[in-house]
Each structure stands twice: as structure tokens, then as C-alpha cells.
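Shown next, in C-alpha cells, is the structure this report addresses.
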Amino acid sequence: MTKRKSIILADAGILFIAISWGLNFSVIKWAISDITPMYYLTMRFLLSGVLMGLLFMKSLKATKKSEWICGILSGSLLALSFTAQTVGLQYTTPGKAGFLANACVVIMPFLVWLLYKRRPSFPMILGTIIAFIGLAVMSLTERFILQLGDLFQLLCALSFAGQTLIIDRYAKRIDPVPMAIIQVMTAGVLTLIIAVLSEPVPDLKAGGLPVLIAVGYGAVFCTAVSFVIQAYTQRVTQPSHVSVILCFEAVFAFLFALLFGYESLSFRNIAGSIMVLTGFLISQRRGKSAQKGQE
């Protein structure tokens, strides 16, 4: 397979993740009244980990030390990211949560600068400023106060940016399948510990169909399939490229929220959304010198 075809397939895989995760904001919002956040995440991650383990049992037999390190580190940040996202959804709308959770796109270049000493370009800085102004337009109340749910979503974005960078560091020298299984199981164990310590045991019979659909959809499409795809795609593409496609998760989150009645059109939502997406896209542009250096 040529490099161009590999990149196209990688982009298609990341877009699939963006659509799946965008829909999941509304699915979680639908089910969250019938199940506590941490037990939802526990069931989602552990079910996904078991399914992946059964399907790829042969891959687990030759697991390397680097795959354990990458899986445990990325799984810990994954648990933090999704904990913040799911808890935060109790205090904000799915559409707004989708945009704020994707602040990792503008956080990413500064993490790369801090860790790898690669200074962001002028378009990156300009795009970051525009995107954060857009986030403020969407998220601040009339009294210019950032609400509790919004802060949780920003924590989710920062944690996911860190998780992406960890995978990028190990991606080219590990088998993505066992790493993804270790990552998901780590997240499942950590969320289970938090759930036991902080939440009452849920009555699954009372939850009914919404909980079953939310857990099943989250476990299969948003976890098992998505994180195997992410691990494979980061072998052929850069973290910033992954993040700019994943920013469309926010678009799908807002569209699905509109469809299911969780979000309404308003001037602030539209203006903020346009500014955020514009900032995301500008932040991914490079100057001519930077492009030549990359080539």
C-alpha cells in the first residue's frame, strides 16, 4: 500500500472516530439520568477490554514492556479524560461539551513545544487565540462566568491531548492491538476504583434500554474499535493531524444534539462554533519554511 493510500485510510478512520464520539455525547446524556457516571465508564471500558481480549487473544501472548508502559500511561489519562467528560455532561449540554472537549486541538501545539522544544508557528498561535475566544463565546454566561460543566470538559481536553502525545511517542515501535487492550483495561480498573469509592451501586434493571444501548455503543464503537483505529493511524500520521480531524467530533456532537433536542440554535452557539472551527483550521496551517522543514 502506498503512503498516500495509508494516509487516506488513516484519515477515514479518524473521521469515523469523530462521528462515533460526536454521537456518544447525546447517547450518554440520554442514559446519564439512569446510571451514575463512573459505573457507566467502568462497564464501558471493562466490557470493551474483555471483547478486545477475546478477539485478539494471540496478540496478548507476546506483549512487550513498551506496550505495557504505553498502555498504562495512556489508559490512566484516558480514565481522567472520560471521567471529566462524563461527569461534566451532568452540568452542560452535549453540543457545548463536544466543542470544549475538543480544545485539545489548540492545547496540543503548546504541549509539543513544552515537551519537544518545537515552537508553534504564527498560524498556530493565531488559530489558538481565535479558537479560545470562540470557546469563551460559547461557554461563558452573561456574567462571564465559566460554568462547572465547562471546566470538566476543558480538563477532558487537556487529558486527551496528553494521551495522544503518549501514543505518538510509542506508536512506531509497538503493536497497537495489545497496547489498546491494556489501555482500555487500565481505564476500566481506575474508573471502577473511583466508582466503588464515590458512587452507590446502580440498579441496572431500573436503567433499562437507555443504559444497555449507551454501554454497548460506548464499549464497541467508541472504545474497542476507536482506540485500535487510533493506535494504527498514529503510526502514519502526526498528533496535530489527528487532532484537527477529531475536532469535527465537536461538529457532529452539536448536530446530533440539535437532532435529539438537547441543543438549540442561538447566535452565541453559531458564532462561537464558527470561531472555534476557524481557529482549529488556522492553527493547522504552516508557513512555507515550516512546510519545507517537514518535507
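A few comments on the model shown:
- Some residue of the stretch 217-225 being surrounded by 17 or more Cβ atoms within 10 Å (Cβ to Cβ), hydrophobic (A, V, I, L, M, F, W, C), within 18 Å of the chain's Cα centre (by Cα) and at pLDDT below 85: no
- Condition check for Ile181: closer than 19 Å to Lys65 by Cα and modelled with pLDDT of 85 or more: yes
- Residue match in the stretch 119-141 (condition: open to solvent by less than 60 Å² (accessible area, probe 1.4 Å) and at pLDDT 85 or above): no
- Filter result for the condition that a residue is at pLDDT 80 or above and under 28 Å from Val215 (Cβ atoms), over Ser20, Ser66: Ser20
- Within the stretch 193-209, residues that are under 9 Å from Thr36 (Cα atoms) and modelled with pLDDT of 90 or more reach partners that are in a loop (DSSP other than H, G, I, E, B) and of a type outside the set (Gly, Ala, Ser) with beta carbons closer than 8 Å, at six or more positions or on different chains, in the pairs Ala195/Thr36.
- Across the stretch 162-175, a minimum of one residue is classified as modelled with pLDDT of 85 or more, closer than 23 Å to Trp21 by Cα and among the small types (Gly, Ala, Ser).
Residue-wise test of (1) assigned to a helix (DSSP H, G or I); (2) open to solvent by 10 Å² or more (accessible area, probe 1.4 Å); (3) touching an Asp or Glu at 6+ places or on another chain (Cβ under 8 Å); (4) of a type in the set (A, V, I, L, M).
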residue: Met38; (1), (2), (3), (4): yes, no, yes, yes
residue: Arg44; (1), (2), (3), (4): yes, no, no, no
residue: Leu47; (1), (2), (3), (4): yes, yes, no, yes
residue: Ile69; (1), (2), (3), (4): yes, yes, no, yes
residue: Ile72; (1), (2), (3), (4): yes, yes, no, yes
residue: Gly75; (1), (2), (3), (4): yes, no, no, no
residue: Thr83; (1), (2), (3), (4): yes, yes, no, no
residue: Pro109; (1), (2), (3), (4): yes, yes, no, no
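- Candidate set: the stretch 280-290, residues that are open to solvent by less than 60 Å² (accessible area, probe 1.4 Å), among the small types (Gly, Ala, Ser) and part of a helix (DSSP H, G or I); chosen: the one modelled with the highest pLDDT: Ser283
- The number of residues in the stretch 1-36 that are part of a loop (DSSP other than H, G, I, E, B) and either among the aliphatic types (A, V, I, L, M) or surrounded by 15 or more Cβ atoms within 10 Å (Cβ to Cβ) (or both) comes to 5.
- Once the stretch 165-188 is narrowed to residues that are open to solvent by 20 Å² or more (accessible area, probe 1.4 Å) and hydrophobic (A, V, I, L, M, F, W, C), the residue that is farthest from the chain's Cα centre (by Cα) is Met185.
- Residue tally, condition farther than 21 Å from Val112 by Cβ, in a helix (DSSP H, G or I) and charged (D, E, K, R), over the stretch 243-279: 1
- Scanning the stretch 146-164 for residues that are open to solvent by 10 Å² or more (accessible area, probe 1.4 Å) and assigned to a helix (DSSP H, G or I) returns Leu148, Leu151, Phe152, Leu154, Leu155, Leu158, Phe160, Gly162.
- Test: residue in the stretch 112-125 that is in contact (Cβ under 8 Å) with a residue 40 or more places away in the chain and within 24 Å of Ala195 (Cα to Cα): no
The values are calculated or read from the model by the stated rules, or taken from the named source; none is laboratory data. Predicted, not measured: the structure shown is a model, and the values here were computed from it. Ideal geometry is used to build each Cβ from the backbone, glycine not excepted, and the neighbour counts take in all protein chains shown. Areas reflect the complete protein model, heavy atoms only, side chains present, ligands, DNA and RNA absent. Shrake-Rupley method; radii C 1.70, N 1.55, O 1.52, S 1.80 Å.
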